[in-house]
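The structure under discussion appears below in the form of structure tokens.
The values are calculated or read from the model by the stated rules, or taken from the named source; none is laboratory data. Only a predicted model underlies this, so the values are computations on that prediction, with no experimental measurement involved. Cβ atoms come from the backbone with ideal geometry, glycine included; neighbour counts cover every protein chain shown. When the accessible area is computed, the model is the full protein with side chains, heavy atoms only, and any ligands, DNA or RNA have been set aside. Shrake-Rupley method; radii C 1.70, N 1.55, O 1.52, S 1.80 Å.
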Amino acid sequence: MSVPPTILVFDSGLGGLTVLREIVGTRPDAHYVYVADDAFFPYGHHSEEQIIARVVPLIGELIAAHAPDLVVIACNTASTLVMSHLRERYQVPFVGTVPAIKPACASSQTKRVSVLGTKGTVKREYTRALIRDFAQGCEVTLVGSAELASLAEAALSGGDVSDRQVSAELAPCFVGDGADGLSRTDTVVLACTHYPLLMDRLVRLAPWPVDWIDPAPAIARRVADLLGRPGGEADHAGAEMIFTSGRPHTLNRALMPFFGGRVPA
Ligand code: DGL
């Protein structure tokens, strides 16, 4: 392992930054390479075959180019498909991001849980199996959103995203009589890494208060477990951010908080 370690964080776009932010908190010493596959965004609109054919070789190229000590697939739409393929093909340790259905169902009081993800993620056999295995008597509602990831990208880039647009994507998560606190949805799984980018809005626009389950802290703990304790030496090279489209990123300063205060090159 290199000292300090290099961690490559991969997503279809800017959503994986919400995972990166947590990982940086646990391993501030590491060197970070963040890769947004914006040339193929949004993954939620592609077929399973297309995503596997795109992501598996691309990760191979990124491993060859950056020699990471660990790779985080910070994307549910990809992780629910590609993890076994990646582990078969490459020696590097991988951490994936999959819907946090088990902890959500374990903590729900009303036994009504919604899973908000891309249309791809909610269709996956992987997600259905998580519900079969871990629903623990909860009624789980799958909500596939066509637009929320793109709205989150637009909002982070300073674009105009209306409350009405966000509310429309959110509404199907809220099941039951809003006036009856004992039987309505009380927990929503954020099964797309883009959605925590809109956290303030989600909280404000929710018809009633719910627990929002973001898997990023658990992913950061898993990364820390795999890498072990931080060494004495910290990365001073700065973080890197790569868009597969090759477009220059104009968001440097806005992205600093996700990189633990560093300006990504
Ligand atoms: N950030 C991705 C996820 O966690 C998906 C967004 C997309 O490309 O559709 O599922």
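Tabulated values for the structure
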{"quantity": "Most fluctuating residue given options Ala104, Ala65, Ala239, as computed from a GNM of the chain linking Cα atoms under 10 Å", "calculated": "Ala65"}
{"quantity": "Per-peptide average of other Cβ atoms within 10 Å, ordering 89-97, 7-15, 25-33 highest first", "calculated": "7-15, 25-33, 89-97"}
{"quantity": "Cα-based Kirkwood hydrodynamic radius, the stretch 174-263, one decimal, Å", "calculated": "16.9 Å"}
{"quantity": "Positive minus negative residues near Ala237 (Lys, Arg vs Asp, Glu; Cβ under 13 Å)", "calculated": "-3"}
{"quantity": "Taking N as its residue count, the alpha carbon Rg of the chain over 2.2 N^0.38 Å", "calculated": "0.99"}
{"quantity": "Cβ-based net charge around Arg27, under 15 Å, with every Lys or Arg adding one and every Asp or Glu removing one", "calculated": "-1"}
{"quantity": "Where no second cysteine Cβ lies under 4.7 Å, the cysteines concerned in the chain", "calculated": "Cys75, Cys173, Cys192"}
{"quantity": "Rounded accessible area per residue of the chain, 1.4 Å, Å²", "calculated": "43 Å²"}
{"quantity": "Rg(Cα) / (2.2 N^0.38 Å) computed for the stretch 1-134, rounded to two decimals", "calculated": "1.09"}
{"quantity": "Rg [Å, one decimal], Dmax [Å, integer] - the stretch 86-241, C-alpha atoms", "calculated": "17.6, 55"}
{"quantity": "Order by protection proxy (mean Cβ within 10 Å, highest first), peptides 78-86, 53-61, 224-232, 204-212", "calculated": "78-86, 53-61, 204-212, 224-232"}
{"quantity": "Distance from the stretch 103-176 to the stretch 48-101 (C-alpha centre basis), Å", "calculated": "22 Å"}
{"quantity": "Listed peptides 38-45, 159-166, 253-260 by packing density, highest first (mean Cβ within 10 Å)", "calculated": "38-45, 253-260, 159-166"}
{"quantity": "Accessible area of the chain belonging to carbon and sulfur atoms, whole % at 1.4 Å probe", "calculated": "52 percent"}
